[in-house]
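Below is one structure, written out as structure tokens; comments come after it.
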Amino acid sequence: MNTEIQEQVGDLLLWSEPEAKKLMEEIALEHGVAVDAIAELVAWEREQQEKIRRRGMTDMFDDVFGNSKYWK
């Protein structure tokens with residue numbers, strides 16, 4: 001797993017807690033899924049959530065600053 005992906009998922013219990021990681025690796029192996037693929041998908045999902053959160057903030061700022069009732 002590359003360093004960037006590791007940094008993006010390393011705080012999650014599945015990667016930071018040895019027993020959980022071992023169990024995840026065993027289940028992934030059993031189903032023929034690479035743990036790196038899971039990590040990349042989780043990292044991507046977290047990036048998407050952050051983008052949505054930021055977009056929500058921007059929309060809120062636009063609503064407030066664009067509301068003529070609030071500004072003279």
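The values are calculated or read from the model by the stated rules, or taken from the named source; none is laboratory data. Note that the structure is predicted; figures quoted are calculated from it, not measured. Every residue, glycine among them, receives a Cβ derived from its backbone with ideal geometry; neighbour counts consider all protein chains shown. For the accessible areas, the whole protein counts, side chains as well, though only heavy atoms, and no ligand, DNA or RNA atoms are used. Shrake-Rupley method; radii C 1.70, N 1.55, O 1.52, S 1.80 Å.
A few remarks follow.
- Condition check for ARG55: at pLDDT below 95 and open to solvent by 100 Å² or more (accessible area, probe 1.4 Å): yes
- The residues of the stretch 6-16 that are open to solvent by less than 70 Å² (accessible area, probe 1.4 Å), assigned to a helix (DSSP H, G or I) and hydrophobic (A, V, I, L, M, F, W, C), listed by number, are VAL9, TRP15.
- Every residue from the stretch 28-42 that is without any contact (Cβ under 8 Å) to a residue 12 or more places away in the chain and either assigned to a loop (DSSP other than H, G, I, E, B) or open to solvent by less than 60 Å² (accessible area, probe 1.4 Å) (or both): ALA28, HIS31, GLY32, VAL33, ALA34, ALA37
- Out of GLU19, GLU45, GLU50, GLU25, sole residue that is modelled with pLDDT of 95 or more, assigned to a helix (DSSP H, G or I) and open to solvent by less than 90 Å² (accessible area, probe 1.4 Å): GLU25
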